[in-house]
Amino acid sequence: MKTLVAAFVLALGFAAVELRAQNEPNLIPDVVDPAKLIPILPEAPTGWTAEKAEGSSDDVGGFKITNVHRDYRKGEAAEAPTAAISILDAVASPDYVEATTGAWNQASETAEGYGKPVTIDGNPGREDYDKERKQASLWVMVAKRYFVEIELQNQEPKELQEWIKRVDLKKLAEIKK
């Protein structure tokens, strides 16, 4: 996830420079405060532990982004199942949202894994699975502004559906400034 956030921040920075060069007024909506998104990150399910949820808003060349994140773990073994949930408020870059979600429509399957478009409670998304690394990820776009990402390690991809049910997507969609 940190790689995606870094790529997103870089893309926003380039877009900001382009806008400044055009001398256009800044009409970009404000992102929400991380304190409003952190409660959407669920508590640990029975038998799991959760780290403290973290969140921040960062200014990137005139654009703000908000990201909140929480890690979960079941047991202490080296190969213990883990999960991570992140929410990124991408309202500042509708072009990025459109380009990213548009790429989700492509499906692929190989001996190493798969990627496919999904719909979760009416929200577009994408599910990917890497068999060798036993790594599954689910991306869901909520209210055309929030990317919800769930990453699982050492779990079957069907568990993504259980994890996304723990995130109140309807409540998330209602959160504005």
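Computed values, structure above
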read-out	value
Residues of the stretch 44-84 that turn out to be within 19 Å of residue 164 (Cβ to Cβ) and of a type in the set (Gly, Ala, Ser), as a count	6
Number of positions in the stretch 156-177 that are under 27 Å from residue 79 (Cβ atoms) and either surrounded by fewer than 18 Cβ atoms within 10 Å (Cβ to Cβ) or among the aromatic types (Phe, Trp, Tyr) (or both)	8
Residue 87 being assigned to a strand (DSSP E or B) and among the aliphatic types (A, V, I, L, M)	yes
Subset of the stretch 92-119 (residues that are in contact with a strand residue (DSSP E or B) (Cβ under 8 Å, 6 or more places away or on another chain) and touching a residue at least 40 places away in the same chain (Cβ under 8 Å))	92, 93, 97, 100, 101
Any pair with Cβ under 6 angstrom, 6 or more apart, that starts in the stretch 61-73 at a residue that is farther than 19 Å from residue 45 by Cα and ends at one that is modelled with pLDDT of 85 or more and polar (S, T, N, Q)	64/57; 66/57
Matching residues, the stretch 40-72, being touching a Pro at 6+ places or on another chain (Cβ under 9 Å) and assigned to a strand (DSSP E or B)	50, 54, 55, 56, 57, 66, 67, 68, 70, 72
Complete set of residues in the stretch 97-145 that are closer than 24 Å to residue 176 by Cα and loosely packed, with under 15 Cβ neighbours inside 10 Å	98, 99, 102, 119, 121, 122, 144
Checklist (1) within 19 Å of residue 149 (Cα to Cα); (2) in a strand (DSSP E or B) applied to residue 109, failing item	(1)
Verdict on residue 169 being closer than 25 Å to residue 42 by Cα and in contact with a helix residue (DSSP H, G or I) (Cβ under 7 Å, 6 or more places away or on another chain)	no
Spans of strands (runs of 3 or more DSSP E) in the stretch 120-170 with at least 1 residues in contact (Cβ under 8 Å) with a residue 60 or more places away in the chain and of a type outside the set (A, V, I, L, M, F, W, C)	146-153
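Residues checked against (1) in contact with a helix residue (DSSP H, G or I) (Cβ under 8 Å, 6 or more places away or on another chain); (2) exposed (fewer than 14 other Cβ atoms within 10 Å of the Cβ); (3) of a type in the set (Phe, Trp, Tyr):
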position	(1), (2), (3)
37	yes, no, no
41	no, no, no
44	no, no, no
50	no, no, no
60	yes, no, no
68	yes, no, no
72	no, no, yes
76	no, yes, no
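The values are calculated or read from the model by the stated rules, or taken from the named source; none is laboratory data. Because the structure is a prediction, the values reported are computed rather than measured. Here the Cβ is made from the backbone with ideal geometry for all residues, glycine too, and neighbour counts use every protein chain on show.
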